[in-house]
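What follows is a short report on a single structure.
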Amino acid sequence: MPWAGSVPRGQDYVPDDLHNCDLHNCDLHAGDHTGGRELIQGVPVGRILGIPLRLDWSLGIIFWLLSWGLATGAFPDLAPGSSESTYWVAGAFTAALFLASLLTHEMSHSLVARSYGIEVDNITLWVFGGIATLRGEATEPRADFRIAIAGPLASLAIAVFCLGIAGALDLAGAPDLPITMAVWLGSINGMLAVFNLAPAAPLDGGRILRAWLWKRRGDRASAALSATRAGRFFGQVLIAAGLVQFLIGAGVGGLWLVFLGWFVMTAARGEETSVRIAHDLTGVRAGDVMTPEPVVAPATLTVAELLDDFVLQQRCSAFPLVEPDGEVSGLVTLTRLKSLSADARRTMAVRDVAWPLAQVPTATPSDPLVDLVARLGEAGDGRALVFDGTKLVGIISPTDVSRALQIAELRRRGEMRPR
Ligand SMILES: [Zn+2]
């Protein structure tokens, strides 16, 4: 993407603090562990070539700023002589084409990723451009490189195309305004391509740097750490440049750069954390960290009965539910019960307020924990159930994951410093 690169799903899962409770599944800090993901929401608006597209409300800001800037500044200055309404129509149309070129950039990343068998969760457009969220990672440096370079190449191709159109319009003696529109689109796409090639994660150039270091060192984690460090540095440079611009009177442009720098820095830091988590959890399996034989509750209880007979007795905040035939049908967490009225608690069955089993992340004891961690934010309030065949053998809570991470960190302290 322009600006934020592709983000493997779940990379922003950062278990927060986590206290040192190592008692079962009884952690009282349920809540949302999806870290920075809530920063970019996005409303689903459809699919393009099978890839879900989401638009964030903040996209409206950039659309408005661009339309306004072009209609009242660039276009009247560079192509004088048209009416105010013509400039506004031209400004809005050009801004819309610009957003379409952002989408093309993201689509390029996504299609190349898909050609390597990596599923694309969605493309989201927002105030800082676009983000293609992938459901996995490249398994070798060449794929990593190709997925990353595809975006800037698309932007570059759009730039050449638009400038070509501008040249042709000029030769044909077209009016100034359409030529200016084409030149502007060509230039901004060219700048996007160059900016995104900055060797700093999470920008595309950072991915390219990662792929190159990965190939040289043969170690993806170490390569990714170097790229994220470059990203943090680059973010700081952007913030400083934005502040200087703001102070010398560039106004909104300067502030936007500060926010962009802050975003790059935050994303780089988040990625660094995920790389470390993935590295630390290498070799750790779900069965190693799960709380075995969790306390289960009958699915037929009312919420009030569950509270009286289980929650108050067991000091747990999550219970797998068991149907009369012995089958596990879901997971109920205290978070799901809190919002119910006293009346509802007396009458509702717990199975009606529980997470259905189909939504709860599950694993077998031998599954790598790191794969599961990526899915913990989806449902179940950060918990996962561990099954051996059809038999429930354990539960994993954010506390269990945190404990595993802290143990791994203690084990490696001093030895996994990036080279
Ligand atoms: Zn890109």
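For the range 201-212, indicate whether the set of residues that are in the same structural domain as HIS105 (by TED's automatic domain parsing) and more than 21 Å from GLU106 (Cα to Cα) is non-empty. Yes; the residues of the range 201-212 include at least one that is in the same structural domain as HIS105 (by TED's automatic domain parsing) and more than 21 Å from GLU106 (Cα to Cα). Across the range 98-129, the qualifying residues are those that are away from the ligand (no atom under 15 Å from the Cβ) and hydroxyl-bearing (Ser, Thr, Tyr), and the one among them that is nearest to VAL183 (Cα to Cα) is SER115.
Pick out the one residue from ALA74, ALA90, ALA95, ALA132 that is assigned by TED's automatic domain parsing to the domain that holds MET265, within 15 Å of the ligand (Cβ to nearest atom), hydrophobic (A, V, I, L, M, F, W, C) and under 25 Å from TRP256 (Cβ atoms). Going through ALA74, ALA90, ALA95, ALA132 in turn, just one is assigned by TED's automatic domain parsing to the domain that holds MET265, within 15 Å of the ligand (Cβ to nearest atom), hydrophobic (A, V, I, L, M, F, W, C) and under 25 Å from TRP256 (Cβ atoms): ALA132. When every residue of the range 199-207 is checked against the conditions, none turns out to be at pLDDT below 95, under 30 Å from VAL264 (Cα atoms), buried (at least 23 other Cβ atoms within 10 Å of the Cβ) and away from the ligand (no atom under 16 Å from the Cβ).
With respect to ALA154, determine if the residue is without any contact (Cβ under 8 Å) to a residue 40 or more places away in the chain and assigned by TED's automatic domain parsing to the domain that holds HIS109. So ALA154 fails the test. Which of the residues that make up the range 162-197 are assigned to a helix (DSSP H, G or I) and either touching a strand residue (DSSP E or B) at 6+ places or on another chain (Cβ under 7 Å) or within 16 Å of the ligand (Cβ to nearest atom) (or both)? Matches in the range 162-197: ILE188, ASN189, GLY190, MET191, LEU192, ALA193, VAL194, PHE195, ASN196.
Does ALA304 satisfy the criteria of being small (Gly, Ala, Ser) and within 25 Å of the chain's Cα centre (by Cα)? Considered against the rule, which asks whether it is small (Gly, Ala, Ser) and within 25 Å of the chain's Cα centre (by Cα), ALA304 comes out as no.
The values are calculated or read from the model by the stated rules, or taken from the named source; none is laboratory data. Everything quoted here is computed from the prediction, not taken from an experiment. Cβ coordinates were reconstructed from backbone atoms using ideal geometry, including for glycine residues, and neighbour counts include every protein chain displayed.
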